[in-house]
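The values are calculated or read from the model by the stated rules, or taken from the named source; none is laboratory data. Computed from a prediction, not measured in an experiment: that's the story for all the values here. All Cβ positions, glycine included, derive from the backbone under ideal geometry; neighbour counts span all protein chains shown. Areas reflect the complete protein model, heavy atoms only, side chains present, ligands, DNA and RNA absent. Shrake-Rupley method; radii C 1.70, N 1.55, O 1.52, S 1.80 Å.
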Amino acid sequence: MLRLLRPNFALYDVREFFRRPPYPGTNVTLRRLLNLYLVRFQRMRAHEKLLGYPLMLTIEAANVCNLSCPGCFTGVGDVSRTKAHFPLPLYERIMDELGDYLFQVELHNWGEPLLNKNIPDLIQIATDKGVGTTISTNFSFPFGEERAEALVASGLTTLGVSLDGASQETYVQYRVKGNLDKALENVRGINQAKHKLGSSTPRLIWEFHVFEHNVGDIERAKEMARDLNMDIDVSKGWVVGEEWDPDGPYKFFQAPWVDGCEFLWQRAVVQIDAGVAPCCGTFFREDDFATVENESFKSAWNSQKFQLARRMFTARDGSPEAKALVCYECPETITREEYVTHMASGGARHDFRGHFTSNDGFNYFFSRKAGGGKATDPAHVIPLEATASRASDSYESS
C-alpha cells in the first residue's frame, strides 16, 4: 500500500534550519554556508538526488581493535571486510572533493582509530582545509610521547576517551581487555604535549556510558576528569535486548530524528574498503549503498540505493527493492512516518512522542548479521553480566 508522506516546510523548525552546525574547529566559509542551506533545504523537501555535499564525513580509520566490548561488532568478533587501515590516497581523493564543504571529519566508527599510525596525516589534511576533526578512542594501549605530540600538532579538534568507570574493576566489565591506568596515562601524555606545544586542542572529553554496574562511579569520574583537564559527557549505555532502567534519570545522547534521517542527506560514512554506508550504525559490506573505489563521491552519494532510501521519507511503499535495504525497518524511517502522520492529523511538533529509543536503534543494527544470524545468538553476543569473568584477559603493558 502506497502511503504518501508529503514533506512540507510546516513540519520543520525554521530556527533550526538557520542554525550553524555545532562542530568546533572549522573555518566557516561562504561555500560551506551555501552548501549547508542547500543540503538542509533538500532534506526538508525529501529530495532523492542531491546537489550538495554532506556536512560531516565519518571515516573508519582502522577496523581493528584491541578490546572486546560486548556492544560492538568488532568487539564480539564479527568480520565483514579485510582488516586494514584507511588508505591515505583514497582519503586524499575524498577530501579533495569534499573538503571545501565539510564542517567536520570524524575518524572513528567500529574500530580503534589510533591503531592507525597515519592518523596524524589524516587529521592534518582536514586541518589544512579548515575542517574540524574528532576521534573517539579507548586509549588503552602504549602510545608514547612522540605519538602524543604528533597527534596534538596535527590540529585534532576533539579527542573523546571511552572511560566507563572510575576503577579497573568497574571499567573492565564493558571495556573488556582494557586497562584504565594505561588510558589515563595516555590522557596525561596528551596534556603534556599540549603544554609543550602551546596548543589549546584537542579538547579532551571523558566519555562515560552509564550501565547498571557503573552508576556508582559517576561522581568519582567527574572528579578525576576535572583533575585531568577533561570535560565529561555522561550518557546512557546501549545494551543488547531490553533497555535497562527505562524510567531512570540517565538519557541516551540522541533519539531517532523526526526530520528525516540525518545520514541520508547530511552525513556520509566511508568504510575501510571504499564502501559508502548509509549510516554509522551499519557494519556489513552487504548493507553498503555504493563505493568510491572507482568513482567520485558525488556519484556514489546519488546511487540508486541512496535515492531509493531517501524516497522512503516520501513514500514507504514496501517494494521488494525497498525492503532489501537496511533503512526500510530502521527506527529512523518508521519514526519519520509516524511523525508526518501525527502532523497531518493536526498534531503539533512539540507534542509528538516517538516510541523508539536509541537502544531500539542499536538493537536493530546489532541484530543484522551477515548470513542471517542474529546478534542475540549465544555464538555472537557477550552478555554484559558475563564480562566480569573475562577480566583476566585485560590489557597488560608490553
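Some notes on this structure:
- Contact order normalised by residue count of the chain, Cα under 8 Å, 6+ apart, percent: 21 percent
- Length added when fully stretched, SER167-ALA255, from 0.36 nm per residue minus Cα-Cα: 28.7 nm
- Signed unit charges on C-beta, dipole axis of the stretch 113-173, positive-most listed residue LEU151, THR170, SER140: LEU151
- Positive dipole terminus of the chain, leading residue within ILE205, ASN109, GLY275 (C-beta point charges): GLY275
- Rounded to the nearest 10 square angstrom, GLU223 shows an accessible area of 80 square angstrom against a 1.4 Å probe.
- Compactness of the chain - radius of gyration and Dmax, Cα, Å: 21.0, 64
- The count of lysine pairs in the stretch 234-377 whose Cα atoms are under 19 Å apart, excluding pairs fewer than 8 places apart on the same chain, comes to 4.
- Per-residue packing, averaged as other Cβ atoms within 10 Å, sorts the ranges 316-323, 125-132 into the order 125-132, 316-323, beginning with the highest.
- The stretch 33-116: relative contact order in percent, alpha carbon pairs under 8 Å with at least 6 residues between: 43 percent
- Cα-centred dipole magnitude for the chain, charges only on beta-carbon of K, R (+1) and D, E (-1), debye, nearest 20: 1300 debye
- In the chain, the calculated helix contribution to ellipticity at 222 nm averages -9000 deg cm²/dmol per residue, counting -39,500 (n - 2.57) for every DSSP H run with n ≥ 4.
- Calculated FRET efficiency for the pair GLU145/ASP317, C-beta based, R₀ 56 Å, to 0.05: 0.45
- Normalised by residue number, the volume inside the convex hull of the Cα atoms of the stretch 285-352 is 104 Å³ per residue.
- Taking 0.36 nm per residue of separation and subtracting the Cα-Cα distance, full extension of the segment from VAL234 to THR29 would add 70.5 nm.
- Here each label is just a point 7 Å from Cα along the line to Cβ, and for ALA84 and GLU262 those points are 2.9 nm apart.
- Seen from LEU107, the other residues with C-beta closer than 12 Å to its C-beta sum to a net charge of -4, counting Lys and Arg as +1 and Asp and Glu as -1.
- Summed residue charge, Cβ within 15 Å of LYS251's Cβ, Lys/Arg positive, Asp/Glu negative: -4
- Antiparallel DSSP beta bridges within the chain, percent to nearest 5: 20 percent
- In straight-distance terms, cross-link reach from LYS194 covers every one of the aspartates and glutamates whose alpha-carbon lies under 13 Å from its own, apart from those fewer than eight places away in the same chain; here that gives GLU145, GLU146, GLU149.
- If you look at the Cα atoms of the stretch 156-227, you get an Rg and a Dmax of 12.8, 40 Å.
- Pairs of alpha carbons in the stretch 32-140 separated by more than 23 Å make up 38% of all such pairs.
- Summed side-chain charge close to GLY130 - residues other than GLY130 whose Cβ falls under 9 Å, Lys, Arg +1, Asp, Glu -1: 0
- Value of relative contact order over the stretch 67-172, rounded to a whole percent, pairs C-alpha under 8 Å and six or more apart: 22 percent
- Spatially, the stretch 164-205 and the stretch 300-319 are offset by 42 Å when compared through their Cα centroids.
- FRET efficiency, SER296 to GLU242 (Cβ-Cβ, R0 30 Å, nearest 0.05): 0.10
- Once all protein chains are placed together, TRP244 keeps about 20 Å² accessible to a 1.4 angstrom probe.
- Exposure check, 1.4 Å probe, all protein chains in place: TYR101 carries approximately 50 Å² of accessible surface.
- In this simple spin-label model, placing a label point 7 Å from the Cα along the Cα-to-Cβ direction at both GLU212 and ASP100 gives a separation of 5.5 nm.
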